[in-house]
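Contents: one structure, followed by commentary.
The values are calculated or read from the model by the stated rules, or taken from the named source; none is laboratory data. Because the structure is predicted, anything quoted here is derived from the model rather than measured. Cβ coordinates were reconstructed from backbone atoms using ideal geometry, including for glycine residues, and neighbour counts include every protein chain displayed. For the accessible areas, the whole protein counts, side chains as well, though only heavy atoms, and no ligand, DNA or RNA atoms are used. Shrake-Rupley method; radii C 1.70, N 1.55, O 1.52, S 1.80 Å.
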Amino acid sequence: MPGMAANPTVFERIELPKEEFKIIWLSWIIPEKEESLSAYAERMAEQITKDESVVLIGVSFGGVLVQEMSKYLDVKRLIIISSVKTKHELPKRMKFARATGIYKVLPTGLLNYITHIEKLPLGDLIRKRLKLYQQYLSVNDKDYLNWAIQEMVCWNQDQAIEDIIHIHGDEDLVFPIKNIENSIVIPKGTHIMILVKYKWFNKHLPELIQKGKIAS
C-alpha cells in the first residue's frame, strides 16, 4: 500500500522471486462520507484473497492503513516502511495539529499547487523534485486528502501490533527516527527510500517475509 495520495508505482522497482511471491499493488479508493479509518480498512481488506498466505506491506500513511487492515485478515507478516506503529511515534507538529485542529484548515489541492509552482522559474533540482512528486502522487481528490490528513494526524493506536516489522530511515524528516522504537534502521534512508533504496528491499524483503528477521 503506497503512502498518502501516492499511486502504487512507488513499488515498481521492488522485485521478489516470482516462484515464491505474488505481488498485488493496492490503490487508494475515495472514502465514503465521514467514514472511519477502521471502516475504510475493512473495505480495503475485502480486496484480499483470504485463502492465501497474506503479507501486508505499507509505506507511510499506507503503513497505518495496513495495520488497520490486518485487524480484519489472517496475516502471515505485517511490514511497514517509513511509517509509525502508534500515535506516540507521531512527530510533535502532528500532535500539535491534532490538539489544535489546525489540520482542518490546511489547503489540500496538492497536485494543483505543484502544477502552478512548476510554471515558475526554478532550479533544476527543484524542478526534478516536482516531477518526482507528479509521477507518484496521483490522488488529488479534495475529500480524500482532507480525510487522509485527519486520519493520519488523529490516528489513535496506543500499542504496537505484536510481531510487526518496521523499516525506517535515519534521515526521515516526516517521521523522525528519534520518535521511532524497535525498527530496522536504514542508514541515510529518507521518507522516500522505497524509491531510492530499492536494492536493499529487494535483497532483504524475501527473508523478512519468510523468517520475520534478517540474519546477522
Based on what the data block shows, is Ser83 of a type in the set (S, T, N, Q), within 13 Å of the chain's Cα centre (by Cα) and surrounded by 14 or more Cβ atoms within 10 Å (Cβ to Cβ)? yes
Log entry, pairs with first residue in the range 145-156 being within 12 Å of Lys87 (Cβ to Cβ) and among the polar types (S, T, N, Q), second being at pLDDT 90 or above and part of a helix (DSSP H, G or I), beta carbons closer than 8 Å, six or more apart or on different chains, reads Asn156/Lys87
Counted residues in the range 137-151 being buried (at least 19 other Cβ atoms within 10 Å of the Cβ), of a type outside the set (A, V, I, L, M, F, W, C) and more than 13 Å from Leu65 (Cα to Cα) come to 0
Only unsatisfied item for Thr190, checking (1) among the hydroxyl-bearing types (Ser, Thr, Tyr); (2) under 13 Å from Val59 (Cα atoms); (3) modelled with pLDDT of 95 or more, is (3)
Q. Being assigned to a strand (DSSP E or B), touching a residue at least 40 places away in the same chain (Cβ under 8 Å), open to solvent by 10 Å² or more (accessible area, probe 1.4 Å) and within 17 Å of Met193 (Cβ to Cβ), is that true of even one residue in the range 35-57?
A. yes
Output yes when any residue across the range 201-215 is open to solvent by less than 60 Å² (accessible area, probe 1.4 Å) and modelled with pLDDT under 90, and no when none is. yes
Residue count, the range 8-29, condition touching a residue at least 40 places away in the same chain (Cβ under 8 Å) and farther than 14 Å from Gly63 by Cα, comes to 8
Of the residues in the range 9-28, those that are touching a helix residue (DSSP H, G or I) at 6+ places or on another chain (Cβ under 8 Å) and not in a helix (DSSP H, G or I) come to Arg13, Ile14, Glu15, Leu16, Pro17, Glu20, Phe21, Ile23, Trp25, Leu26, Ser27, Trp28
message: Quick check on the range 23-39. Is at least one of its residues at pLDDT 95 or above and within 17 Å of Lys85 (Cβ to Cβ)?
response: yes
